[in-house]
Amino acid sequence: MNQPKPKTWFITGTDTEIGKTYSTTRLLAALNEANMPANGYKPVASGAAMTELGLKNPDAFGHLKASFDSLQYEEVNPYFFEAEEAPHILADELGQPIFFEKMTKGLRHLEAKNRITLVEGAGGWYTPLSFEKSFSDWVVENQLPVIVVVGLKLGVINHARLTFDAIEKAGLKVTGWIANHLSDSASLKNYIIGIQAFTDIPLIGEIPYKGAISADHGGYFDLTHFS
Ligand SMILES: Nc1ncnc2c1ncn2[C@@H]1O[C@H](COP(=O)(O)OP(=O)(O)OP(=O)(O)O)[C@@H](O)[C@H]1O
Ligand SMILES: [Mg+2]
């Protein structure tokens, strides 16, 4: 009998600290609530905070909590650096190189569960993982479709278009983008309109500042892209 095809998306963003984890954990919750079982994966993470599992990476811990399956921390986050610094610098300083093979093995392990898998990158599209390779090279190696989290703030139209172009130039599909409100300013809507004026890539979700993802708060996810 044929196994159902695994469905995996890579989640990148217009920059670091623009809401990739905030969006991904909420998207995982929305998928799971809609009976579309989904797990998170954060293959490379730097920075630590105290959690109920001890000192762990908060992004990966958020993925773990929002995942459908009861996963072990290491299944969600194979490369964890405690210091808050770019992963390629830490890998170099600590003499602990980041191997694509290990990142891929972890992904295959999750995909074998036949869920939707959302893989959060680190920083933006071209974040390096060594002095030779970027995270984007791993995404290309795995031919993953990409979702771009767009953190709405001044300068974002430029960042969003550069990111879309780089992904498409790499021959990958951008399934859609998520507009994440980084403040409660009503004028952020103008950035959404500005981006839509220059691209046909679908807007597949909007996340209000602090509010729930509900019609009352102006937030939604279009889950049809995941079925
Ligand atoms: N819509 C939002 N409403 C309120 N706070 C938000 C929102 N989006 C992001 N934040 C806050 O902004 C900060 C950065 O968000 P987040 O950690 O998701 O960024 P990131 O892109 O995943 O960063 P990194 O590159 O470190 O992985 C967090 O403190 C988060 O809680
Ligand atoms: Mg994050």
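The values are calculated or read from the model by the stated rules, or taken from the named source; none is laboratory data. Nothing here was measured: the structure is a model prediction, and the numbers come from that model. Note that each Cβ is placed from the backbone with ideal geometry, even for glycine, and that neighbours are counted across all protein chains shown. Accessible surface is based on the protein model in full, side chains and every heavy atom, while ligands, DNA and RNA are left aside. Shrake-Rupley method; radii C 1.70, N 1.55, O 1.52, S 1.80 Å.
With R₀ fixed at 25 Å, the C-beta to C-beta distance from residue 55 to residue 29 puts the FRET efficiency at about 0.50. Taking all protein chains together and rolling a 1.4 Å probe, residue 52 ends up with roughly 140 Å² accessible.
Viscosity 1.002 mPa s, temperature 20 °C: what is the translational diffusion coefficient of segment 7-226 from Stokes-Einstein with a Kirkwood Rh over Cα pairs, rounded to a whole number of µm²/s? The estimated diffusion coefficient comes to 122 µm²/s. Between residue 7 and residue 93, the C-beta separation translates, for a Förster distance of 45 Å, into a calculated FRET efficiency of about 0.80.
Past 27 Å, Cα to Cα: identify those pairs from 189/210; 7/169; 113/169; 20/105, in the order given. Those over the limit are 113/169. Could you calculate the FRET efficiency of residue 220 with residue 108 from 1/(1 + (r/R0)^6), where r is the beta carbon distance between them and R0 is 25 Å, rounded to 0.05? For R0 = 25 Å, the calculated efficiency reads 0.20. Nonpolar atom fraction for the chain, defined as the carbon and sulfur part of the 1.4 Å probe accessible area, stands at 52 percent.
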